[in-house]
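Contents: one structure, followed by commentary.
Laboratory data are not the source of any read-out in this text; all were calculated from the coordinates shown. These numbers come from a predicted model, not from an experiment. Here the Cβ positions follow ideal geometry from the backbone for every residue, glycine too, while neighbour counts run over all protein chains shown.
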Amino acid sequence: MYSFSNDKQEQFRQKIRTFAQEVIAPEAGRLDEEERFSTELTKKMGDMGLLGMTAPKQYGGQGLDTLSYIIAVEELSRIDSSQAATVVAHNSLGLVPIIDYGTEAQKEKYLPRLTSGEHLWAFGLTEENAGSDARGTETTATHENDHWIINGSKRYITNASTPITLGVTLQVMTQNDQHSQPKLTTILVEKGTSGFHAERMLGKMMWRAADTARLSFKNCRVPYSNLLGEEGQGARYMLRTLDGGRLSVAAMGLGLAQGAFEMALKHAKTRKQFGKPIGRNQAIAFKLSDMDMKLELARNTLYRACLLKDHGQPFSKEAAMAKLYTSEIAREIADEAVQIFGGAGLFKNNPIERFYRDQRLLQIGEGTSEILRLVIARSLGV
C-alpha cells in the first residue's frame, strides 16, 4: 500500500487498474493513431462511475474523496493520457464549478445528466490573448433584459465538441455600463444554443484521442438565469477550480511516469546485450533507480496535497508544487524510458512513443511550469 492511502482506496485502485488494462489499453494505440474521440469508451468510463467521482450522491455522483479520485486518474494515465484527460476535464473543470457555485436549480438540471456518463461538460477559459493572464479575456456577455448576449471565441477547450457534449461553463467579461470596469463572470452555455459553434481542433502532438475544440459565439443568447454564481466573481471561481484541477493534472503526470517506468523496467529485464539483460548494466540500473525514487517523492507530494484538500486545509501551494513536480518527472522519466528502449522506442507500435508525446502538455496545461513557480514564490512572500 502506498503512503497516505488506505486499504479501501487501494482496492479502488485495483478496480480502475483492471478496467484500464482490459478496456482502455486495447483501444489506446488505435484511437491515438486515428486521432479519434471514442463516445463508446467514454460511456464505458461513465458506467464505471468515472464521470462523477467527487459529485454528491444526491445528483448521481459517487461522493468520493479527492484522493480516491486522484488515484483513479493516476491509473487511467498509467495506460492512456487521452482517456484520463477526458475524465479530468469533465470532473475537475466541468462539474466542480457547477457543484461549488451553481444554484440548486442549475445542479438539478445538469448534474444528473453529467454524472450518468451520458454527457460531458467543458470549461471555456483560454483565448487568443487569455490563458495564464485571464484578465486578457475578450469574450463578452452583455446583459439585455432577461438574457445574456455573448460574443467572442475560445480555443484549446477539452470535451467541448464531442457528440455527447451538453455544454460549457464560459468565462466572459461583463460590464454594467460603459463607464464601469469590465468584470470576469462565468455563464453556463448549452450546446445547440443559437450563435454557439464548436469545431474540433486536429493535428495535435499529444492526447490525440481526447477532444479539443475551438469555440465561437456570435450574438449567442442565453437566459440570464444561466449566470453561474455572482457576476464579477469569475476570477475567484476560476482560481479555486484550477487549484483542484492541478491535483488531477498532477495525477496524470504521476500515472504517465509510472506507466513509462514499468515499460522501461520490463524491457531492461528482458532485452539482452553482451550476454545479459541490459538492466544489469550499471548505467541502466541507475536510470531505473532514479525513476523509482522520483515516483515515490512525486506520489507522496501529490497525496499529501489531496489529504490537505480533503481535510479542508489550504492546499494552493501544495497543489502547485505537486503539479509542477509531477509534470517535470513525467518528462524526465518518459525521456529516459525511450533511451532505455533505444531505437525500438521511436516507433509508433511501441506505447512508449505515445507516452513521450503525451507528457509534453503537462508542463503547459492547468498552469505552466513558469506560472506555478510564481505561485509558489508568492506563497513565500517574494
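For the chain, the Kirkwood estimate of the hydrodynamic radius, built from every pair of different alpha carbons, is 21.3 Å.
Could you list H143, H90 in order of exposure, starting from the residue whose Cβ has the fewest other Cβ atoms within 10 Å?
Ranked by crowding around the Cβ, least crowded first: H143, H90.
Cβ crowding within 10 Å ranks H267, H197 as H197, H267, fewest other Cβ atoms first. Classify region 166-298 from the C-alpha gyration tensor, please: rounded if a/c falls under 1.5, else prolate or oblate depending on whether a/b exceeds b/c. Cα axes put region 166-298 in the prolate bin. Seen against the Cα atoms of the chain and their longest principal axis, helix 234-270 is set at about 20 degrees.
Taking the longest Cα principal axis of the chain as reference, the axis of helix 25-34 is set at about 60 degrees. Region 85-104 and region 287-311 have Cα centres spaced 25 Å apart. Determine the shape class of region 7-120: with a ≥ b ≥ c the square roots of the Cα gyration tensor eigenvalues, call it rounded for a/c under 1.5, and otherwise prolate if a/b is greater than b/c, oblate otherwise. Since a/c reaches 1.5 but b/c is at least a/b, the shape of region 7-120 is classed as oblate. Note on K8: lysines with a C-alpha under 24 Å away, same-chain residues under 8 apart excluded, are K44, K57, K309. With both labels modelled 7 Å from their Cα along Cα-to-Cβ, the Y224 to E104 distance reads 2.2 nm.
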